[in-house]
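Reviewing the structure listed below.
Just so you know, all these numbers are worked out from the coordinates, no wet-lab data involved. All figures in this text were calculated on a predicted structure; none of them were measured in a lab. Counting neighbours? That spans all protein chains shown, and the Cβs are built from the backbone with ideal geometry, glycine included.
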Amino acid sequence: MSKETVKAIFVKRRVVTEDSDAARELYNQSRYGAVTEDNKIQLSLIEALYLLDKKKIELVDAKDKKIGQDDFLKKAKKLEPNLWIRYCVYRDIRNRGYIIKTALKFGADFRVYDRGVKPGEDHARWIVYPVHEGEHLTWYEFAAKNRVAHSTKKRLLIGIVDDEGDVTYYEIRWMRP
């Protein structure tokens, strides 16, 4: 395990880091996860997958056996069937330099902050819905997503993921003619 790599444990549905300065730095610098009462960082499955991919964490199970990225992906997909589509959007937005967090309380998959803005410093600019290019949205579903974005004073981003994992974004806003 290199100096920057943080050890994290995957048990049931949770990924929690060790209590270390390096773990807290992941949170402080880039807002990965949430700080627990015992000063560890609890990561979402998608955050853990991204940090595994970037070699920022080393993942182990309850018996301290190392879990590789492919094995973790298989286990995580069983817990969250739509994980891969959501991960493609998460990874793309993070790689572009934005902080992206869950947005369950807004009724969306993610919320995205402007570059340089951390959650708590200002509000998110967008809410994001990842969609596979083969999926169908009804006009009612589309309107509902747009209403949620409008009512939370955020812009709506639809991230359409193709079969290669590439993402195309469409930003939708209300307009008054």
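By other beta-carbon atoms within 10 Å, ranking VAL15, VAL131, VAL117 with the fewest at the front produces VAL117, VAL131, VAL15.
With helices as the sole contributors, the chain gives -9500 deg cm²/dmol at 222 nm; each DSSP H run of n ≥ 4 counts as -39500 (n - 2.57), and the sum is divided by every residue. Based on Cα contacts under 8 Å between residues 6+ apart, the chain shows a relative contact order of 14 percent. For the stretch 6-79, the calculated P(r), taken from all Cα-Cα distances in 10 Å bins from zero up to the bin holding the longest distance, is 22, 59, 19, 0 percent.
Residues whose amide H falls under 5 Å from that of HIS132, counting only those 5 or more places apart or on a different chain, are VAL161, with hydrogens built in the peptide plane.
Panel order for PHE142, PHE110, PHE72, by other beta carbons found within 10 Å of each beta carbon, from fewest to most: PHE142, PHE72, PHE110.
Output the 0 to 90 degree angle, nearest 10, between the alpha-carbon long axis of helix 69-79 and the longest principal axis computed from the alpha carbons of the chain. Between the helix axis and the principal axis of the chain, the angle is about 60 degrees.
The angle between the Cα long axis of helix 83-95 and the main principal axis of the chain comes to about 90°, on a 0 to 90 degree scale. Shape of the stretch 56-101 from the C-alpha gyration tensor: oblate (a/c of 1.5 or more and a/b not above b/c, with a ≥ b ≥ c the square roots of its eigenvalues).
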